[in-house]
Amino acid sequence: MTPSLWTRLSNPGHFMRWSGRLGPWLAALSLATLAVGLYQTFLVVPPDYQQGETVRIMYIHVPAAWLGVFFYGAMSLSAIGSLVWRHPLADVSQRAAAPIGAAFTLICLVTGSLWGKPMWGTYWVWDARLTSMLVLFLIYCGLIALWRTIEDPNRAARAVSILTLVGAVNLPIIKFSVNWWSTLHQPASILRMGGSTIDPSMLYPLLVMIGAATLGGTTLHLFTMRTEIMRRRVRTLTIREAERLDSGARRVTPAPSPVALPQGL
């Protein structure tokens, strides 16, 4: 019988084969898209009539914010796959996505602070959107630390998956915080009812940068998954070799000879 798509996708060997072929093409496409986006950002996009040249921070900040949320959503789906279906690659995908998502969330927080200083007069305010993004970064750090704390991979995968799903409650808070509370952060300006409020001369380069960041993040995720699979293979081989050497040592070690008791005892 021909294996189902689900079975083939759950095979790490099959994943290593097709990801090895796809990875270089995906990396080249992401670099080309990034080059176009950066050219438009710094040489084509006009200064904003209020923000001036500082508006260019938006072309790094917004894609980073999107990927920070995107990768946590991917981790949540992987957590469901790990807990419900025991998919062999679900835990690999989740562990590979965590540092990437944490890095983009940190970039979002740093660029947001740099953007906030000239706009709001301060680097940081306990704004609902900013605070919820900071909570997301702390959750990422907690998940990474939990993986390193628990030695048993199966126990670690289960604990991290449960905590990931609990932390997913923060995603709608990030999305709707600007609508639920009175905040300094601007409301949604790209995906909103009635269309975007950004002028096309600025919107299209921003979409290109978001696409480039998404392609780049996906490429990093793909290669990190490959690295994680190889790391686990090395760990398995190391454990098997240690067990083989230990069992061989037990076979060749002679049993201790009985101690002769003194006469008369």
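The values are calculated or read from the model by the stated rules, or taken from the named source; none is laboratory data. What you are looking at is a predicted structure, and each value in this text was computed from that prediction instead of being measured. Because the Cβ atoms are built from the backbone with ideal geometry, glycine has one as well, and the counts that use them run over all protein chains shown. Heads up: the accessible areas ignore ligands, DNA and RNA and are worked out on the full protein's heavy atoms, side chains in. Shrake-Rupley method; radii C 1.70, N 1.55, O 1.52, S 1.80 Å.
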(request) Please build a GNM for the chain, connecting alpha carbons under 10 Å apart, and tell me which residue among 156, 212, 79 fluctuates the most. (result) 156
(request) Would you mind checking the tilt of helix 153-167 against the longest principal axis of the Cα atoms of the chain, expressed as 0 to 90 degrees and rounded to 10? (result) 20 degrees
(request) State, to one decimal in nm, how far the label point of residue 49 lies from the label point of residue 150, with both points 7 Å from Cα in the Cβ direction. (result) 5.5 nm
(message) For Cα pairs less than 8 Å apart in space and 6+ apart in sequence, what is the mean separation divided by the residue count of the chain, i.e. the relative contact order in percent?
(response) 29 percent
(message) Quick check: the angle from helix 170-180's long axis to the longest principal axis of the chain, C-alpha only, nearest 10 degrees?
(response) 20 degrees
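May I ask you to give the percent of accessible area on the chain that is carbon plus sulfur, with a probe radius of 1.4 Å? Write down the numbers at each step before the final one.
Details: 10800 of 15830 Å².
C and S fraction of accessible area: 68 percent.
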(message) Taking the 0 to 90 degree range and rounding to the nearest ten, how far is the long axis of helix 200-252 tilted relative to the main principal axis of the chain, both from C-alpha atoms?
(response) 10 degrees
(request) State to the nearest 20 debye the size of the charge dipole of the chain about its Cα centre, where the only charges are +1 on K and R beta carbons and -1 on D and E beta carbons. (result) 940 debye
(message) Just to check I understand the Karplus step: with θ = phi - 60° and J = 6.51 cos²θ - 1.76 cosθ + 1.60, what whole-Hz values come out for segment 91-105, glycine and proline as x?
(response) 5, 4, 4, 5, 5, 6, 6, 4, x, 5, x, 5, 5, 5, 5
(request) Would you look at the GNM of the chain, springs on alpha carbons closer than 10 Å, and say which of 41, 227, 236 moves the most? (result) 236
(request) Mind listing the long-range amide H neighbours of residue 184? Cut-off is under 5 Å, sequence gap 5 or more, other chains count too, H placed in the peptide plane at 1.01 Å from N. (result) 128
(message) Along the charge dipole of the chain, pointing to its positive end and built from +1/-1 on Cβ of Lys, Arg, Asp and Glu, which listed residue (224, 37, 174) has its Cα farthest out?
(response) 224
(message) Please check: in the Gaussian network model of the chain (C-alpha springs, under 10 Å), which one of 219, 111, 183 has the largest mean-square fluctuation.
(response) 183
(request) Let me know the shape class of segment 1-124, please: from the alpha-carbon gyration tensor, a ≥ b ≥ c as square roots of the eigenvalues, rounded when a/c is under 1.5, otherwise prolate if a/b is greater than b/c, or oblate. (result) oblate
(message) For segment 12-69, what does the accessible surface come to per residue with a 1.4 Å probe? Please give it in Å².
(response) 55 Å²
